[in-house]
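I have placed the structure first, in the form of structure tokens, so that the comments after it can refer back to it.
The values are calculated or read from the model by the stated rules, or taken from the named source; none is laboratory data. All values reported here derive from a predicted model rather than from experimental measurement. In this analysis, Cβ positions are derived from the backbone assuming ideal geometry, glycine residues included, and neighbour counts consider all displayed protein chains. These accessible areas exclude ligands, DNA and RNA; they are computed on the full protein's heavy atoms, side chains included. Shrake-Rupley method; radii C 1.70, N 1.55, O 1.52, S 1.80 Å.
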Amino acid sequence: MSKAEALQYGDRKVYTVASFNRGVADWIARLPTIWIEGEVTELRRHNAWANVFLTLKDPADGSCLPASIPRGQFDALRLDLLDGERVHVYGRPELFAAKGEFKLRALTIERFGEGDHLAALERLKKKLAAEGLFAEARKRPLPFLPGKIGLVTGNDAAAKRDVITAVTTRFPSAHVVVAETLVQGPRAALAMVASLREICAEGVDVVVLARGGGSFDDLLPFSDERLVRAVAACPVPVVSAVGHEQDTPLCDLAADVRASTPTAAGRLIVPDHAELIARLEASRTSLQHSVRRTLERQREQTHGVGARLRRAPGLAVERERRTTEALHERLRRAPLLLVERKRAALENATSRLRVLSPSSTLARGYAIVRAEDAIVRSSAEVAPGRRVDVQLAEGGFDARVEDVR
């Protein structure tokens, strides 16, 4: 430490935090560059960041060392690193004085073969994918409003709290059944398989498999083949909410729906109560308006039909009145017409009788000759010297037949 940076209190030399950190940082900066071997975990990069961050983990005892490398240098290496890969990192230790954070400042990174876990996971992933466990066609939709929600999670309370809070905030009356189980360590996979089976027996409509963040090793149980197969075979839809968004254990691929976080899972499985109420109110208002418009149209139609009906009886009455009047007129005139027809017929008959009567014939110059009161129609009926009676139109006389022709 520089004497100038120390504060003197009597015989006591005291360093401020800043001076201490700068002193240690200066001392560490004099250390030589070295190669370090470890498994990559928590690899984080973003286009807006100047550096790429990762953690080197010793698989033997879990010891960790933070490291960073300038983004340009990392991109130039074209390593496409994944969590779990074993690497050799060349760099120098440094201390970030402002925060007292110790890390390895990497200058280059070389892949030292794939990590055992990563290689095994890739083989298992290909195997299960070939069997169709990750196929989109077999994934089921979530129920719109589940009556009972199953939650399989650890007893650390964080993931459980996040799911339940998100669910009850959106839908306060939701019923959540929780199965706490091991979510980390060699026994975790089988424990979660058993919990899935037990919670499905409770009659749930959907299951959330949840765990908060963790290292690559922490999340390995969620890529265990036994658990992945149990998720795929679950009788109800499964939502996988394991780790953070960048984590993708194999159970995420087998689940029907993948949520980026436990909180996101809670938002996925239930609708928003307030939004539902608003939609129902909007539907109710729309229905009322529709019914009101329908009733108004029916009322207008009824009025129109009534008016037409009123007009129709009026026209019918008028037609009946005119028909009745016409009948009355015909009845009134019928006797006169009958008398007139009878009179005309009588006159016609009289005229015909007058034309056909003997007097009419006599009036035209003819005479009727009778012999012994019998009308003489032929000259053969008389003989010369026979006396006959001759009737004229006016008067008559007796005569004697002188000659017969």
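Please pick out the residue among SER223, SER240 that is polar (S, T, N, Q), touching a residue at least 24 places away in the same chain (Cβ under 8 Å), open to solvent by less than 20 Å² (accessible area, probe 1.4 Å) and closer than 12 Å to ALA265 by Cα.
So the residue among SER223, SER240 that is polar (S, T, N, Q), touching a residue at least 24 places away in the same chain (Cβ under 8 Å), open to solvent by less than 20 Å² (accessible area, probe 1.4 Å) and closer than 12 Å to ALA265 by Cα is SER240.
ARG354 - would you say it is touching a Ser or Thr at 6+ places or on another chain (Cβ under 7 Å), open to solvent by 80 Å² or more (accessible area, probe 1.4 Å) and either at pLDDT below 80 or closer than 30 Å to ALA393 by Cβ (or both)?
yes
Which residues, taken from the stretch 169-207, are part of a helix (DSSP H, G or I) and open to solvent by 50 Å² or more (accessible area, probe 1.4 Å)?
THR169, ARG170, LEU190, ARG197, GLU198
List pairs: first residue in the stretch 78-107 and more than 19 Å from PHE216 (Cβ to Cβ), second residue among the β-branched types (Val, Ile, Thr) and open to solvent by 30 Å² or more (accessible area, probe 1.4 Å) anywhere in the structure, Cβ distance under 7 angstrom, at least six positions apart or on different chains.
TYR90/THR33; TYR90/THR108; GLY91/THR33; ARG92/THR33; LEU95/VAL24; LEU107/THR33
Within the stretch 128-159, restricting attention to residues that are in a helix (DSSP H, G or I) and under 19 Å from ARG229 (Cα atoms), which residue is most open to solvent (accessible area, probe 1.4 Å)?
GLU136
Out of the residues in the stretch 80-105 meeting the condition of being open to solvent by less than 30 Å² (accessible area, probe 1.4 Å) and farther than 30 Å from THR16 by Cβ, tell me which one is farthest from the chain's Cα centre (by Cα).
VAL89
What pairs can you find where one residue is in the stretch 22-44 and surrounded by 13 or more Cβ atoms within 10 Å (Cβ to Cβ), the other is assigned to a helix (DSSP H, G or I), and their Cβ atoms are less than 7 Å apart, with a gap of 6+ or different chains?
So the pair list comes out as GLY23/GLU5.
Residues of the stretch 45-54 being open to solvent by less than 90 Å² (accessible area, probe 1.4 Å) and hydrophobic (A, V, I, L, M, F, W, C), which ones?
Passing the criteria: ALA48, ALA50, VAL52, PHE53, LEU54.
Would you confirm, using the coordinates I've provided, whether PHE74 is open to solvent by less than 60 Å² (accessible area, probe 1.4 Å), among the aromatic types (Phe, Trp, Tyr) and modelled with pLDDT of 85 or more?
It is true that PHE74 is open to solvent by less than 60 Å² (accessible area, probe 1.4 Å), among the aromatic types (Phe, Trp, Tyr) and modelled with pLDDT of 85 or more.
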